[in-house]
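Scroll down for the structure; my scribbles are underneath it.
The values are calculated or read from the model by the stated rules, or taken from the named source; none is laboratory data. Bear in mind the structure is a predicted one, so any value in this text is a computation, not a measurement. Backbone-built Cβ (ideal geometry, glycine too); neighbour counts: all protein chains shown.
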Amino acid sequence: MDRVHAFDREVIFQAAVFEAVSWKADSIAVPAWAFTALGLPVEQRNFRYGEMLNQKASS
């Protein structure tokens, strides 16, 4: 970006990150650090796809 801006300060850079989640998330373990980061007790369990769905959007 610095090299491009050296030629033209008006250039605007843009990026996006997309994610897709499927029912296969149920087979992935939640890492211990995720519980710790959220201030929750660490437990051994997998992600829960059904709980990731936005119920309001699907009605």
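Computed quantities for the displayed model
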quantity	calculated
Cβ-Cβ under 8 Å pairs, at least 6 apart or on other chains, the range 35-59 side over 18 Å from A25 (Cβ atoms), far side part of a helix (DSSP H, G or I) and among the small types (G, A, S)	V42/A32
Search result, residues across the range 23-39 that are exposed (fewer than 10 other Cβ atoms within 10 Å of the Cβ) and touching a helix residue (DSSP H, G or I) at 6+ places or on another chain (Cβ under 9 Å)	W23, K24
Scan of the range 2-22 for residues that are surrounded by 10 or more Cβ atoms within 10 Å (Cβ to Cβ) and free of Cβ contacts under 8 Å to residues at least 24 places away in the same chain, ordered by number	V4, H5
Residue, nearest to E51 (Cα to Cα), within the range 11-22, restricted to residues that are at pLDDT 90 or above and in contact with a helix residue (DSSP H, G or I) (Cβ under 9 Å, 6 or more places away or on another chain)	S22
